[in-house]
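The values are calculated or read from the model by the stated rules, or taken from the named source; none is laboratory data. Here the structure is a predicted model, which is why all the values come from computation and not from measurement. Here Cβ is always computed from backbone atoms with ideal geometry, including for glycine, and neighbour counts include all displayed protein chains. Ligands, DNA and RNA are stripped out before the accessible areas are found, and what is left, the full protein with its side chains, is counted by its heavy atoms. Shrake-Rupley method; radii C 1.70, N 1.55, O 1.52, S 1.80 Å.
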Amino acid sequence: MKSFAILLSFLLLSVQLANAAVYQNLAALPSNEQYDVIIVGGGTAGPVIASRLTENPRTTVLLIEAGPDDDGAVDLQIPANYPAGIERKHYWNYTTTPQSGLNGRAITYDRGHVLGGCSSIITDQDWDRRNGVTGDNGWRWNSLFPLIKRHERWSGAVGGRNVTGQYDPAVHGYEGYSKVALPWSGPNAFDNLCLEQAKTRSEFPYNRDPNSGKPLGLTWAQSTFGGGERNSASKGYLPASVRSRANLNILVNSHVTRVLSTGKASNKDFRTVEIGTTDGARKTVTAKTEVVLSAGSIGTPQILLLSGIGNKAELKALGIDAVHELNDVGKNLSDHIATVAFGTTTVPDAPPVDRAAALLQWNQNRTGPLTEAVGHQILWTRLPKDSEAIRTYGDPSAGSNAPHIEIALMNGLPGQLYGGAAVLLTPQSRGSVTLASSDPFTAPLINLNFLTHPFDFAALKEGVRAMKRFYASPVFSSYIATPIGPDPDAGDAAFEDFTRNVGITTLHAVGTAAMSAKGAKGGVVDPDLKVKGLKGLSIADASVIPYVPTGHSMAPVYILAERASDLIRSRC
């Protein structure tokens, strides 16, 4: 009898889960399906969580993405296609508000509008800082390092060249979903000059692998281009073997407009999502256990605010009833700003890449110039202790291992240019995401507030000075024709005007639904990623990271999503 009961339970479960599918629009989604967990947003974090949760065949998941499916989208697979080679339908096409710190410029703010989203380095002290903010030891570096390895599938170099000495095998994972690789080509003549400089100047030592959690120095760039393709979260975590799981349904081209209270509003139980279309159609789906917002640093606060979760006065001004007051929703946005500096070399320009030949090579074996989207090497450095920025405004970094500046070294640019981009990793300016209206299909107001804190401009000056010092080595004497500029030491006015006119975002926004300690007055989520004061609603994406990482934000989001998966799994 007991065996029969087990068999019957298995058959019922099989029938319940038999309809796994990718639904292309809201009308196609069956009305009779039930899910344990509903994940809103298929960018970087959402696919990770969906994939991990459905490893348990008894946990049913619905993953909802506003954009199209990325399956078969070749424009997304070619690393060198970003930004101009990617179809505009795969972007949200956001623009910021006019930025007072950028001489009134409004700038494009690309966010992925596709399954896989915009899906790499972070220091150990960054994670330990999060532990300090949240009071949760689970966010410490030592606790998370196994998850860092769990998510990664180290792939060596694109094309299989010898990379001995260019990475540390001990700090990588080899069985995860996310393929990470070194560049297809190199070291070239410029790379070798940079490596030689690192041997002669202690300020910029060679660092074999920034994935150790201590990135300072000259490192090789590591990218999610394993196998010569852009390895997005969807491609990595939602391959055919995962998509075919009977307990996973994926809904694309569908816009979540709000999260709603399930049952009485006084219960504060928000397990229902409202999905809408521009023609006014609405449909609700309720999770048995939990709704997870993974719509990113722009989308997540927008959904919360549209749902009446935020600052009561600001919501009232837009005619939205406040159902739960959390004043920090959409606040505390921080992002990396970058400026550039270039000089000329004695080396003639190389012939331009033959796009047709390169595409043929990529199609044949996934190698060649189209597999590279960035330079080969990166310089991670700290500001001098006696610099104006540190003396006047203090040190905002997480500790002595954390860089203030990233310098993406560049050469071979048209016009015999060399130089780089100086990226400020520890900005003090804070921006916001607010609603333009109560219409969920109206883009929110994105105010990065770049260069409104005086530390940030002073730190960027030091970043370009560091680039000057790097290239001042005798190693480059026969390579350099003219020094990089604009020179921050040749006149403040010209450098400031240039920086405010060309300063750009690196699209690493975080903090708009920030984590804080349980019981803290500020913040939006507790350390377990549950929204403060609510049941059944959690957030797992870059919006919960309270300080912008001193490195690229994608890897931290992957690791956050891996831990979120474990936390949510324990609640299912």
Check your understanding: Considering only the range 152-207, how many residues are over 26 Å from Asn401 (Cα atoms), of a type in the set (Phe, Trp, Tyr) and outside any loop (DSSP other than H, G, I, E, B)?
Key -> 1
Revision key, fill the gap. Contact list, first residue from the range 147-166 and over 23 Å from Val48 (Cβ atoms) and open to solvent by 40 Å² or more (accessible area, probe 1.4 Å), second anywhere and part of a helix (DSSP H, G or I) and among the β-branched types (Val, Ile, Thr), beta-carbon distance below 8 Å, six or more apart or interchain, is Gly159/Thr371
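Kindly indicate which of Lys461, Lys521 is within 24 Å of Ser334 (Cβ to Cβ), basic (Lys, Arg) and either in a helix (DSSP H, G or I) or touching a His at 6+ places or on another chain (Cβ under 7 Å) (or both). Outline the logic, then answer.
Values: Lys521 fails: either in a helix (DSSP H, G or I) or touching a His at 6+ places or on another chain (Cβ under 7 Å) (or both).
Of the residues listed, the single one that is within 24 Å of Ser334 (Cβ to Cβ), basic (Lys, Arg) and either in a helix (DSSP H, G or I) or touching a His at 6+ places or on another chain (Cβ under 7 Å) (or both) is Lys461.
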Revision key, fill the gap. How many residues of the range 356-395 are part of a helix (DSSP H, G or I) and either in contact with a helix residue (DSSP H, G or I) (Cβ under 6 Å, 6 or more places away or on another chain) or open to solvent by less than 70 Å² (accessible area, probe 1.4 Å) (or both)? The answer is 12
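Please determine, by comparing only the residues of the range 51-83 that are within 30 Å of Cys572 (Cβ to Cβ) and hydrophobic (A, V, I, L, M, F, W, C), which one is most open to solvent (accessible area, probe 1.4 Å).
The residue in question is Ala66.
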Review point. Restricting to the range 183-228, what's the tally of residues that are among the β-branched types (Val, Ile, Thr) and closer than 28 Å to Arg140 by Cβ?
Key: 2
Check your understanding: What are the residues in the range 530-558 that are farther than 24 Å from Phe450 by Cα, surrounded by fewer than 24 Cβ atoms within 10 Å (Cβ to Cβ) and not small (Gly, Ala, Ser), if any?
Key -> Lys530, Lys532, Leu534, Lys535
Practice item. Enumerate the strands (runs of 3 or more DSSP E) found wholly within the range 233-277, keeping only those where 3 or more residues are farther than 17 Å from Ala45 by Cβ. Key: 255-260, 272-276
Review point. What is the residue count in the range 401-454 for residues that are over 16 Å from Tyr547 (Cβ atoms), open to solvent by 40 Å² or more (accessible area, probe 1.4 Å), part of a loop (DSSP other than H, G, I, E, B) and polar (S, T, N, Q)?
Key: 4
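Report whether or not Ala317 is farther than 30 Å from Lys149 by Cα, crowded, with 23+ Cβ neighbours inside 10 Å, modelled with pLDDT of 90 or more and among the aliphatic types (A, V, I, L, M).
Details: farther than 30 Å from Lys149 by Cα: yes; crowded, with 23+ Cβ neighbours inside 10 Å: no; modelled with pLDDT of 90 or more: yes; among the aliphatic types (A, V, I, L, M): yes.
Here the answer is no, as Ala317 does not meet what is asked.
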**Study point:** In the range 178-211, the residues that are open to solvent by 40 Å² or more (accessible area, probe 1.4 Å), modelled with pLDDT under 95 and of a type in the set (Ser, Thr, Tyr)
**Key:** Thr200, Ser202
Point to revise | Subset tally (residues that are at pLDDT 85 or above, among the charged types (D, E, K, R) and in contact with a Pro (Cβ under 8 Å, 6 or more places away or on another chain)) for the range 53-89 | key: 0
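Could you check the range 129-145 and list, in sequence order, the residues that are modelled with pLDDT under 80 and surrounded by fewer than 21 Cβ atoms within 10 Å (Cβ to Cβ)? First the steps, then the outcome.
Of the residues in the range 129-145, the ones modelled with pLDDT under 80 are 130-132.
Matches in the range 129-145: Asn131, Gly132.
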